[in-house]
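Colleague: Sending over a structure as structure tokens; questions will come in a sec.
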Amino acid sequence: MSMMDHCKDFLSWLDHDTSLNIFKGMDDPADLARVSCVSRSWRHFVIANGLSKQLCLRMFPPLSRVACVVELNQHGVKEHPEVGSSNSMEWLALQKDNRVYGYLARCCMSPVAMDCIAKAIGASSTDNIPQESIDHTLEERDNIAGRFSYWSSNGQINPNVPETLTYQLGSQICVIKEINIQPFQAHFQMGAPIYSAQSVRFKMGHQKASLDSLADEMFVWTYTSPEFPMAQENRLQTFQLPEPVLCIGGILQVELLGRVQRQEMDGLLYICISYVQALGIQLSPAFSVEILDPSGMFVLKRDQRVKCEPHATSDDESGILNENVRRELRDFRRVVNILRGHVMGIGAEDGWDEEDYEDDDFDEDVA
């Protein structure tokens, strides 16, 4: 056998289905990228068979709802292929899919995880507003300026009445790996009871239209987790999802199921949470989505001007400074709200107006 026979590409020896099964065996986006660099014929095979897209679909089944893929160029406008034959147009579309899905898969494989919750949307019930607002669950500390920081549900006689906490994530599209929750321990009550739930479950999805109500019909849930038991312990409890979840639409809901702790003073059952954290990878602004109501399909957009940066960059110091300012602002708001709740005769128009002091304004001041 000649030297040329030894060097012959195995793709020419095998039938298409066998070659396809071999390439599909790669479950790491980096391996698929390396394979594409071996030769022109291998790169052509990867692109023509949409292997990057197929890998993403295996990793994250919700991507099956992608209606189309759009690339934004350096000017922020959609890339349009030049006029040509149907074959050339189809090949350009395949190349675009390979770029977008290949990059998406690599970004989703990042080992770096961060808290993806941006803000609280609302709770199914709240015992005292603003002293026991859901906003307090975004703060890791359970004591601020000498006041306990936590969310509390309304009291119930029936232990099976559930509660929900709904949050907006910091990215329209992100990968959530685990959710951490710390029940609240009421040290100011006899026996220092812990107001945890019996179990917890998580939903992820997107909003339909506006968020005028927290009713389920306002949201489309594309993922529902298994039910996890919650310990009656004052610690940050980790709930590892069976596999990383691609949240499309940026809405997370925490379902608290079953009440275990009765308050001595009124005999009612409560659930109280001091901190909620969702760890994962935020894919914006490199990626964004456009939900196509009412079908639930969506457009996946890739902005070529930016890269996925799941880890801290050279702007660490300014980021820390901004976060410190936000934390101090939140602390000040809570102190003022607590005082407003205890001082008679002060109307909302005389007190703290949060709209006048948005976090974005402080970002500009400290930038």
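Colleague: Among the numbered criteria (1) free of Cβ contacts under 8 Å to residues at least 12 places away in the same chain; (2) not assigned by TED's automatic domain parsing to the domain that holds HIS206, which one does LYS301 miss?
Modeller: The failed condition is (1).
Colleague: Tell me, which residue of segment 1-25 that is outside any helix (DSSP H, G or I) and aliphatic (A, V, I, L, M) is modelled with the lowest pLDDT?
Modeller: MET1
Colleague: Testing LYS203 on (1) in contact with a Ser or Thr (Cβ under 6 Å, 6 or more places away or on another chain); (2) charged (D, E, K, R); (3) not in a strand (DSSP E or B), one condition comes back false. Which one is that?
Modeller: Failing condition for LYS203: (3).
Colleague: Quick test of your reading of the structure: ASN234 fulfils all but one of (1) under 23 Å from LEU57 (Cα atoms); (2) not in a strand (DSSP E or B). Name the failing condition by number.
Modeller: That leaves (1) as the condition not met.
Colleague: Could I ask something else about it? Scan segment 257-282 residue by residue and report those that are within 23 Å of HIS206 (Cα to Cα) and in contact with a Ser or Thr (Cβ under 7 Å, 6 or more places away or on another chain).
Modeller: LEU257, TYR275, VAL276, ILE281, GLN282
Colleague: Could I ask something else about it? Which number in (1) part of a strand (DSSP E or B); (2) over 27 Å from ARG106 (Cα atoms); (3) not charged (D, E, K, R) marks the one condition that MET265 misses?
Modeller: Failing condition for MET265: (1).
Colleague: Quick one: in segment 43-65, which of the residues that are touching a helix residue (DSSP H, G or I) at 6+ places or on another chain (Cβ under 8 Å) and free of Cβ contacts under 8 Å to residues at least 12 places away in the same chain is farthest from LYS24 (Cα to Cα)?
Modeller: Taking the candidates together, the pick is SER64.
Colleague: Could you list, in sequence order, the residues of segment 112-123 that are surrounded by fewer than 19 Cβ atoms within 10 Å (Cβ to Cβ) and not in a strand (DSSP E or B)?
Modeller: Selection gives VAL112, ALA113.
Colleague: Would a scan of segment 80-97 turn up a residue that is in contact with a Gly (Cβ under 7 Å, 6 or more places away or on another chain) and either at pLDDT below 95 or not aromatic (Phe, Trp, Tyr) (or both)?
Modeller: yes
Colleague: Then there's this: Considering each residue of segment 248-267, count those that are within 23 Å of GLN282 (Cβ to Cβ) and of a type in the set (Gly, Ala, Ser), and give that number.
Modeller: Selection size over segment 248-267: 2.
Colleague: Moving on. Quick one: in segment 125-165, which of the residues that are at pLDDT below 95 and in a strand (DSSP E or B) is farthest from LEU268 (Cα to Cα)?
Modeller: In this case the residue turns out to be ILE144.
Colleague: Here's a follow-up. From the list PHE202, PHE188, PHE148, which one is closer than 28 Å to VAL220 by Cβ and either of a type in the set (Phe, Trp, Tyr) or over 14 Å from the mean Cα position of the chain (by Cα) (or both)?
Modeller: After ruling out the rest, the residue left standing is PHE202.
The values are calculated or read from the model by the stated rules, or taken from the named source; none is laboratory data. Here the structure is a predicted model, which is why all the values come from computation and not from measurement. Here the Cβ is made from the backbone with ideal geometry for all residues, glycine too, and neighbour counts use every protein chain on show.
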